[in-house]
Amino acid sequence: MLLFSDPSLGIDSLGMRRAYQLAERGRGLTAPNPFVGCVVIRDDQIVGEGFHERAGEAHAEVRALADAGHSARGSHVFVTLEPCSHHGRTPPCADALIAAGVARVSIGMPDPNPIAGGGAARLRDAGIDVEFASDPAPYQDQLREWTTWVRRGRPWVRVKVALSLDGKPGTVAGVRSSITGAGGLETTMRLRSASDAVLVGASTALIDDPRLTVRPEGGSQRQPLRVVLSRSSCPKDLKLFSDGSGRVLCLSASGNGDEWTVPTGVEVEHYSSAEGLRGALHVLGERGITSVLVEAGPSLFSAFWRENLIDELILYHAGGVAGMTAPLLMQQVGSAGDLDRRMKAVEAGVSGEDAITVWRPRVAEKY
Ligand SMILES: NC(=O)c1ccc[n+]([C@@H]2O[C@H](COP(=O)([O-])OP(=O)(O)OC[C@H]3O[C@@H](n4cnc5c(N)ncnc54)[C@H](OP(=O)(O)O)[C@@H]3O)[C@@H](O)[C@H]2O)c1
């Protein structure tokens, strides 16, 4: 997800550009499915459009074909991800395209999912002209979170940290300090609404007592799963337990001998303490969470850094200083590898009075 630019503007094909834009409307809504967009063009006119809106509901191709009706026969279909070829909760999209009599299908990227892939071959076998985009990068980038989940069984980890001008995550250790301006809040709402889950450490949950919800200005009524992470036990009285704003999960390491008592409606899951944060992420992956926004304090940022689990780092740079007694962001360096690891900036922008920079690991993920 890019915060300050629109990658669809670099797509030459009008059909593919529109399909990309339609897919974006499903971002954050479709887990564990990918969000996909589809356009049907006949005689140079768009006759059908669709995007996947929710897991279990019709896929983008089926919606676009329904929108096109009889005009789908002999048409050129543009779709961001290879049409599926398997019976999941809905029938295969490849079969729907064949049954509709389309003539040609342009596809953004192949489906990396071994169960659902193979749709292109099925279309070709049925005599349909099929082509893949010569540059799959925009579609691969669009579905980066989902492909991470498919390939690694864990969600894409987006860590967000706010820093003062002198690079500190707060003014006094263990105390809530709001260092960003209103623009930062607006971006936080966008990030939360694009994520399947929002996670905080138990310590921040206790000190800040955040609600972690998407407020209406975030543009979505869907609330991400809210996760409180602990190696020991979950704080007992938190606002998010009782605000009625969506699901809450307390995720703690197993073997700590402490059974949590949590209010009714709050879920509890355990991960293996031997597996650390990676184990916690796999528990989320098993629940179909494809992307998680970690609103990290210094300990959690440091732990994710040490375990090399940050796929994307969003830094908010606020306009005040915190001083020499303020806590450091990096709490503990575990090994020389922690210092060797580098990230590269991929985006920068201004949001209200704050600056925001986006970082990804220097060594890119292989597709
Ligand atoms: N500047 C910002 O963007 C920002 C964001 C969030 C919070 N904050 C501030 O940060 C302060 C809290 O920071 P913090 O460092 O105490 O808390 P933190 O980094 O937010 O979270 C630490 C908590 O995460 C849990 N955890 C689970 N696995 C862990 C692991 N492998 N390593 C470390 N922790 C793990 C721990 O729970 P257990 O102790 O139960 O194991 C611990 O309480 C507050 O003052 C808050 O206002 C700032």
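The values are calculated or read from the model by the stated rules, or taken from the named source; none is laboratory data. Since we're looking at a predicted model, the values are computed, not measured. Ideal geometry is used to build each Cβ from the backbone, glycine not excepted, and the neighbour counts take in all protein chains shown.
Which condition number does ALA23 fail, the rest of (1) modelled with pLDDT of 95 or more; (2) more than 16 Å from the chain's Cα centre (by Cα); (3) surrounded by 24 or more Cβ atoms within 10 Å (Cβ to Cβ) being met?
(2)
Within 17 Å of the chain's Cα centre (by Cα), among the basic types (Lys, Arg) and under 26 Å from MET1 (Cα atoms): is that true of ARG17 in this structure?
So ARG17 fails the test.
Among the residues of segment 121-174, which ones are under 30 Å from ILE207 (Cβ atoms), of a type in the set (Lys, Arg) and in contact with a strand residue (DSSP E or B) (Cβ under 6 Å, 6 or more places away or on another chain)?
Matches in segment 121-174: ARG158, LYS160.
Hey, does segment 131-152 have a residue that's at positive phi and either away from the ligand (no atom under 16 Å from the Cβ) or of a type in the set (Gly, Ala, Ser) (or both)?
Checking segment 131-152: not a single residue is at positive phi and either away from the ligand (no atom under 16 Å from the Cβ) or of a type in the set (Gly, Ala, Ser) (or both).
Out of all the residues in segment 103-113, is one or more crowded, with 17+ Cβ neighbours inside 10 Å, modelled with pLDDT of 95 or more and either outside the structural domain of ASP44 (by TED's automatic domain parsing) or within 15 Å of PHE51 (Cα to Cα) (or both)?
Yes, because at least one residue in segment 103-113 is crowded, with 17+ Cβ neighbours inside 10 Å, modelled with pLDDT of 95 or more and either outside the structural domain of ASP44 (by TED's automatic domain parsing) or within 15 Å of PHE51 (Cα to Cα) (or both).
Quick one: would you say VAL161 is more than 9 Å from the ligand (Cβ to nearest atom) and at pLDDT 95 or above?
Considered against the rule, which asks whether it is more than 9 Å from the ligand (Cβ to nearest atom) and at pLDDT 95 or above, VAL161 comes out as no.
Please state which one of THR188, THR204 is assigned to a helix (DSSP H, G or I) and near the ligand (Cβ under 8 Å from one of its atoms).
Sole residue among the options that is assigned to a helix (DSSP H, G or I) and near the ligand (Cβ under 8 Å from one of its atoms): THR204.
Pick out, from segment 1-109, the helices (runs of 4 or more DSSP H) lying fully within it that include 1 or more residues that are among the aromatic types (Phe, Trp, Tyr).
14-24
Restricting to segment 310-336, give me the number of residues that are β-branched (Val, Ile, Thr) and within 29 Å of the chain's Cα centre (by Cα).
Of the residues in segment 310-336, 3 are β-branched (Val, Ile, Thr) and within 29 Å of the chain's Cα centre (by Cα).
Looking at the structure I just gave you, is LEU199 farther than 24 Å from LEU3 by Cα, at pLDDT 95 or above, within 13 Å of the ligand (Cβ to nearest atom) and of a type outside the set (Gly, Ala, Ser)?
No, not satisfied.
In segment 75-86, which residues are in contact with an Asp or Glu (Cβ under 9 Å, 6 or more places away or on another chain) and surrounded by fewer than 21 Cβ atoms within 10 Å (Cβ to Cβ)?
Of everything in segment 75-86, those that are in contact with an Asp or Glu (Cβ under 9 Å, 6 or more places away or on another chain) and surrounded by fewer than 21 Cβ atoms within 10 Å (Cβ to Cβ) turn out to be HIS76, SER85.
Within segment 57-70, restricting attention to residues that are over 20 Å from the mean Cα position of the chain (by Cα) and small (Gly, Ala, Ser), which residue is surrounded by the most Cβ atoms within 10 Å (Cβ to Cβ)?
ALA64
With LEU309, LEU300, LEU315 as the choices, which residue is within 16 Å of the ligand (Cβ to nearest atom), under 28 Å from LEU249 (Cβ atoms) and in contact with a helix residue (DSSP H, G or I) (Cβ under 6 Å, 6 or more places away or on another chain)?
Sole residue among the options that is within 16 Å of the ligand (Cβ to nearest atom), under 28 Å from LEU249 (Cβ atoms) and in contact with a helix residue (DSSP H, G or I) (Cβ under 6 Å, 6 or more places away or on another chain): LEU309.
Quick check on my filter: what residues within segment 230-252 are over 22 Å from GLU275 (Cα atoms) and within 21 Å of the chain's Cα centre (by Cα)?
SER245, GLY246, ARG247, VAL248
Quick one: what pairs do we get from segment 58-70, first residue assigned by TED's automatic domain parsing to the domain that holds ALA94, second in a helix (DSSP H, G or I) and modelled with pLDDT under 95, C-beta under 7 Å, 6+ apart or different chains?
These pairs meet every condition: HIS59/CYS93; GLU61/CYS93; VAL62/CYS93.
If ARG54 passes every condition in (1) at pLDDT below 95; (2) basic (Lys, Arg); (3) surrounded by 19 or more Cβ atoms within 10 Å (Cβ to Cβ) but one, which one does it miss?
Among (1) at pLDDT below 95; (2) basic (Lys, Arg); (3) surrounded by 19 or more Cβ atoms within 10 Å (Cβ to Cβ), the lone unmet condition for ARG54 is (3).
Rundown of residues vs (1) surrounded by fewer than 19 Cβ atoms within 10 Å (Cβ to Cβ); (2) among the acidic types (Asp, Glu); (3) in contact with a Pro (Cβ under 6 Å, 6 or more places away or on another chain), yes/no style:
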{"residue": "LEU3", "(1), (2), (3)": "yes, no, no"}
{"residue": "PRO7", "(1), (2), (3)": "yes, no, yes"}
{"residue": "ARG18", "(1), (2), (3)": "no, no, no"}
{"residue": "THR30", "(1), (2), (3)": "no, no, no"}
{"residue": "PHE35", "(1), (2), (3)": "no, no, no"}
{"residue": "CYS38", "(1), (2), (3)": "no, no, no"}
{"residue": "ILE41", "(1), (2), (3)": "no, no, no"}
{"residue": "ILE46", "(1), (2), (3)": "yes, no, no"}
